[in-house]
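Comments concern the structure below.
The values are calculated or read from the model by the stated rules, or taken from the named source; none is laboratory data. Quick caveat: nothing in here was measured; it's all calculated off a predicted structure. Counting neighbours? That spans all protein chains shown, and the Cβs are built from the backbone with ideal geometry, glycine included.
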Amino acid sequence: MSFLVNSYRYLSGSVGAATGASSGVATSAAVGASEAASIASAAGGSTSEAVAELPGAAVGSSTGTSTAQAVGASSVDATADAAGVATVSGVGHSTSAANASVNGSGSATAVGTGISPADGSSAGVGAASGVGSSVSLSWQVNASATLTINGTGFGSTTIRQRIASAQISNAGGTKVRVTLKAGSTGGFTCDAAYIGHKAASGDDYDFESTPTQLTFSGGSASGTAATGASIVTDEINFTVQSGKDLIISVHFTTSGVVSRATSGATGWQCYRKSASDAATVNATGYTTIDQADCVTKVESYV
């Protein structure tokens, strides 16, 4: 009988107001790691520890606080056995709030809350929001011309294609590539090609400084286009500048057929010289021919 009376007194004391404080540390993980400090009111001034593995909706690390009231429990252990749910041995009610920092391709902040009802099961709900930024580069057309007429007699000849600044868009970037087009009745072979900006004074086909060499097939100075086909130069480090005309020079080794345009290519002008002269900065001796020859497109990586 004395034992039963004592037990009754103990239970009565634990159900009422707390006569002691218990402290504990609760650790949970939500596809990352979170830590929460827990303060509980319990009868008898006991110490409790709770450990919960809680995969949640946010990725990153979170910290927070929780307050719990327990009845007659001197120790509580919790182990997660399902995604987002932990089972707690004991009877209590707790609420927790967590802040999570998430690092990904941008940055985000996640806030989650968890509530443990009296049966000891824990469930969490989280929401994440964030703002990130990224830069996506792609090939953009600086200028293009439609070439439909066949041109012959370009053996041992250098052409210089000038494109007026007013016809150039998408300036900037760090790389450039040029598309050359053969005729519909034959192809061509070139052994030198260059790109640069037009000089501020002098001839309309002069480079303002040493031009940048264009290469083919992974670094070759020579390129061959089959009948009716186009070839694209390698990606070359070069910046197309706004407000400046472009000059592209090409030297053909043997007589071939290129595509050309005599109209419709506004702001384009091609010049021709019977010599190997593609890299010369201050050139002379060129004659004006079509609006566009062989060069059909210039692109920048911006």
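If you check every pair at least six apart or on different chains, which have Cβ atoms under 9 Å apart with a residue in segment 274-302 that is under 16 Å from Gly264 (Cα atoms) first and a residue that is among the hydroxyl-bearing types (Ser, Thr, Tyr) and crowded, with 22+ Cβ neighbours inside 10 Å second?
As it stands, the answer is Ile289/Tyr271; Ala292/Ser259; Asp293/Ser259; Cys294/Ser259; Thr296/Ser259, since those pairs meet every condition given.
It is to be established whether one or more residues within segment 199-222 are under 13 Å from Asp293 (Cβ atoms) and in contact with a Cys (Cβ under 8 Å, 6 or more places away or on another chain).
No, because not a single residue in segment 199-222 is under 13 Å from Asp293 (Cβ atoms) and in contact with a Cys (Cβ under 8 Å, 6 or more places away or on another chain).
Look through segment 230-250, keep the residues that are part of a strand (DSSP E or B) and without any contact (Cβ under 8 Å) to a residue 60 or more places away in the chain, and return whichever of them is surrounded by the fewest Cβ atoms within 10 Å (Cβ to Cβ).
This residue is Val232.
So Gly218 clears everything in (1) in contact with an Asp or Glu (Cβ under 8 Å, 6 or more places away or on another chain); (2) assigned to a strand (DSSP E or B) except one condition, right? Which one?
Of the numbered conditions (1) in contact with an Asp or Glu (Cβ under 8 Å, 6 or more places away or on another chain); (2) assigned to a strand (DSSP E or B), the odd one out for Gly218 is (2).
Within segment 261-273, is even one residue among the small types (Gly, Ala, Ser) and closer than 16 Å to Ser165 by Cα?
Yes, segment 261-273 contains at least one residue that is among the small types (Gly, Ala, Ser) and closer than 16 Å to Ser165 by Cα.
Residues checked against (1) in a strand (DSSP E or B); (2) crowded, with 22+ Cβ neighbours inside 10 Å; (3) not assigned by TED's automatic domain parsing to the domain that holds Thr280:
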| site | (1), (2), (3) |
| --- | --- |
| Arg160 | yes, yes, no |
| Val178 | yes, yes, no |
| Ala182 | yes, yes, no |
| Ala192 | yes, no, no |
| Ile195 | yes, yes, no |
| Gly202 | no, no, no |
| Thr210 | no, no, no |
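Report the residue count in segment 264-302 for those that are among the hydrophobic types (A, V, I, L, M, F, W, C) and assigned to a strand (DSSP E or B).
Residues in segment 264-302 being among the hydrophobic types (A, V, I, L, M, F, W, C) and assigned to a strand (DSSP E or B): 5 in total.
If a residue must be in a strand (DSSP E or B) and buried (at least 22 other Cβ atoms within 10 Å of the Cβ), how many such residues does segment 144-156 contain?
Residues of segment 144-156 in a strand (DSSP E or B): 144, 149-151.
Subset that is buried (at least 22 other Cβ atoms within 10 Å of the Cβ): 151.
Residues that pass the stated criteria total 1.
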